[in-house]
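Trainee: Take a look at the following structure, please.
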Amino acid sequence: SLANNNLQSLPKDIFKGLDSLTNVDLRGNAFNCDCKLKWLVEWLGSTNATVEDIYCESPPEYKKRKINSLSPKEFDCIITEFEVYQSLPYQSLSVDTFSYMNDEHVVIAQPFTGKCIFLEWDHVEVMFRNYDNITGMNTARQTMLQQLFQKVMLTLSFTFVFIGTSTVVCKPIVIESQLYVIVAQLFGGSHIYKRDIFANKFIKIQDIEILKIRKPNDIETFRIAEDWYFVVADSSKAGFTTVYKWNGNGFYSHQSLHAWYRDTDVEYLEISGKPHLILSSSSQRPVIYQWNKGTNEFVKRFDIQDMEDAYAVKHFKVKEDVYICLTRFIGDSKVMKWGGSAFLDLQRMPSRGSMVFQPLQISNYQYAILGSDYSFTQVYYWDAEKAKFVKFQELNVQAPRSFIHVSIDKRDFLFASSFKGTTLIYKHVIVDLSA
């Protein structure tokens, strides 16, 4: 008998090995029916011993309920969190992951060194390691430009966020088992590289026309039917956001969407099974384009209302519903839901200093990560019952610019780029509070 001891909980293994137990008296205790007591609910449902009625004292929603009337399903004991796993000693902008040669790889754009750094998983050391890079320009020129950028930063720090870099995006695309990387640079032009498996290095195969792409800010790759494309968002006053198409030998200009709008981000998504692009711009509301099968081009449909100064738009799906996360540097960022003919407001998040609001799905968990240049990064998880995001963790990342999920070796990682500090790798951890 453990009756009348004012117990709030019991050790999980207290009845272990007592298979011949016939009677247990736990009356007169003040049990806290939380995850630590979930095992008792499970044990009561399987034991042959006689147990007198016992009651919960807390939490309030379970007060005075019989413990043997509870179901294990009523206990929500699984939580997740992101733990720092590895840091990379350099600044970064874009981070992308890709599958190639039956393995997962990561490529990171280093703005100040003008490099694309390629990482692979070391199964022995259980860490990510660098195995190759693409260098955009010679070292002397890099040093000269970096000194110039630092001078600009002292007097025009906000502009530096946009122009004070060289390599801004390293975008991988695998076509018929061949790896290509589109390297977007603010100086020295943008180029396309091919992975030569025999020479075990990257070889430049193509330049991207500098008359259209003057200040690239984002790249998206996508496939429509059997054709491969990529689109470059150009943020200069005289540039053209342009779609490029693969013709079997290289990528060539397919369509210029619009000029002189200073586009900062482009997002490819499907709405009702039809390909769409959303362009974000510093001079107008986000614009939605839809693919026209007849002309094989994108046609402007409409813009997203009440979202001036949206820096970027990223999408995610919950079941069949399409949502978008819209980032603002000043003002509130938003989550919106497709309503059949337009995107409708769902949720607002305060986001002073934000340049990334990235939705990510890891295992069965849907997250949205809102970065900030002035405070902690906020991680939200999707609450299916409330049909909205709920804040649950803060991350300390300096000036984050992108977040990407990498799944490898039965582990899930979150890469967080940093424009002003070290690039961080977090491990996604699932914790059972009832264990």
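Trainee: Using θ = phi - 60° and the Karplus relation 6.51 cos²θ - 1.76 cosθ + 1.60, list the HN-Hα couplings for the range 87-104 in order, rounded to whole Hz, with x at every Gly or Pro.
Mentor: Per residue, the Karplus-derived 3J(HN,Hα) values read 10, 10, x, 7, 7, 7, 10, 8, 9, 9, 10, 7, 9, 7, 6, 6, 8, 9 Hz.
Trainee: Can you give the angle from 0 to 90° between the axis of helix 139-155 and the longest principal axis of the chain, with both taken from C-alpha atoms, to the nearest 10?
Mentor: Once rounded, the angle reads 70 degrees.
Trainee: Below 14 Å, Cα to Cα, which aspartates and glutamates can Lys212 reach? Residues fewer than 8 away in the same chain don't count.
Mentor: Straight-distance partners of Lys212: Asp234, Asp263.
Trainee: Something else about it: Between rounded, prolate and oblate, where does the range 314-371 land on the alpha carbon gyration tensor, with a ≥ b ≥ c its root eigenvalues, rounded for a/c under 1.5, else prolate if a/b exceeds b/c?
Mentor: Details: a/c = 2.72, a/b = 1.25, b/c = 2.18.
It is oblate, given that a/c is not under 1.5 and a/b is not larger than b/c.
Trainee: Reachable aspartates and glutamates from Lys337, Cα under 17 Å, same-chain residues fewer than 8 places away excluded?
Mentor: List returned: Glu267, Glu270, Asp303, Asp306, Glu320, Asp321, Asp345, Asp383, Glu385.
Trainee: On a 26 Å Cα-Cα criterion, which of the cross-link pairs Lys274/Lys427; Lys245/Lys300; Lys317/Lys386; Lys201/Lys237 come out too long?
Mentor: Table pairs above 26 Å Cα-Cα are Lys274/Lys427; Lys201/Lys237.
Trainee: Please label the shape of the range 169-258 as rounded, prolate or oblate, based on the square roots a ≥ b ≥ c of the eigenvalues of the alpha-carbon gyration tensor (a/c under 1.5 means rounded; beyond that, a/b larger than b/c means prolate, else oblate).
Mentor: Oblate, because a/c is 1.5 or more while a/b does not exceed b/c.
Trainee: I've got another one for you. So, with +1 on the Cβ of K and R and -1 on the Cβ of D and E, and no other charges, what is the size of the charge dipole of the range 1-75 about its Cα centre, to the nearest 20 debye?
Mentor: My answer is approximately 160 debye.
Trainee: Excluding same-chain residues fewer than 8 positions from Lys204, which aspartates and glutamates have a Cα within less than 12 Å of its Cα?
Mentor: Partners found: Asp196.
Trainee: Just to check, using Stokes-Einstein with a Kirkwood Rh over alpha carbon pairs, what's the diffusion coefficient of the range 1-75 at 4 °C and 1.567 mPa s in µm²/s? Mind dumping the intermediate values first?
Mentor: Details: Rh = 12.5 Å.
Reported coefficient: 104 µm²/s.
Trainee: Using only Cα positions of the range 291-409, each an equal point scatterer, no hydration layer, compute I(q)/I(0) via Debye at q = 0.11, 0.13, 0.22 Å⁻¹ and quote the log10 values to two decimals.
Mentor: Rounded to two decimals, the profile gives -0.40, -0.55, -1.29.
Trainee: Can you give me the Cα centroid spacing of the range 183-232 and the range 242-258 in angstrom?
Mentor: 10
Trainee: Roughly what % antiparallel, to the nearest 5, for the DSSP beta bridges in the chain?
Mentor: In the chain, DSSP labels about 95 percent of beta bridges as antiparallel.
Trainee: What's the tally of Lys pairs in the range 1-75 whose alpha-carbon atoms lie under 15 angstrom apart, where the two lysines are 8 or more places apart or on different chains? Mind showing how you got there, number by number?
Mentor: Numbers: Lys12/Lys36; Lys12/Lys38; Lys36/Lys73; Lys38/Lys66; Lys38/Lys73.
Summing the qualifying lysine pairs gives 5.
Trainee: Measure out, as a whole number of angstrom, how far apart the alpha-carbon centroids of the range 364-435 and the range 82-108 sit.
Mentor: 14
Trainee: When a footprinting reagent is the concern and you count Cβ atoms within 10 Å, what order do Glu120, Glu226 take, fewest first?
Mentor: Going from least to most buried by this count: Glu226, Glu120.
Trainee: A further question on this structure: Which value, in debye to the nearest 20, describes the size of the charge dipole of the chain about its Cα centre when Lys and Arg Cβ atoms bear +1, Asp and Glu Cβ atoms bear -1, and nothing else is charged?
Mentor: Dipole size: approximately 1100 debye.
Trainee: Between the alpha-carbon centers of the range 19-53 and the range 288-357, tell me the distance in whole angstrom.
Mentor: 52
Trainee: Quick check on the range 238-291: take the gyration tensor over C-alpha atoms, sort the square-rooted eigenvalues as a ≥ b ≥ c, and tell me if it's rounded (a/c under 1.5), prolate or oblate.
Mentor: Taking the square roots of the gyration eigenvalues as a ≥ b ≥ c, the range 238-291 is oblate.
Trainee: Charges on Cβ only, +1 for Lys and Arg, -1 for Asp and Glu, centred on the Cα centroid of the chain; of Ser235, Gln290, Leu88, which one is farthest towards the dipole's positive end?
Mentor: Ser235
Trainee: A further question follows. Beyond 35 Å, what share of the Cα-Cα pairs of the chain remains, rounded to the nearest whole percent?
Mentor: Working: 37223 of 94395 pairs.
Result for the distance tail: 39 percent.
Read-outs throughout are calculated quantities, based only on the coordinates presented, and are distinct from any laboratory measurement. Predicted model only: the values in this text are computed from it and were never measured. Methodologically, a virtual Cβ is constructed for each residue, glycine included, from the backbone with ideal geometry; neighbour enumeration extends over all protein chains shown.
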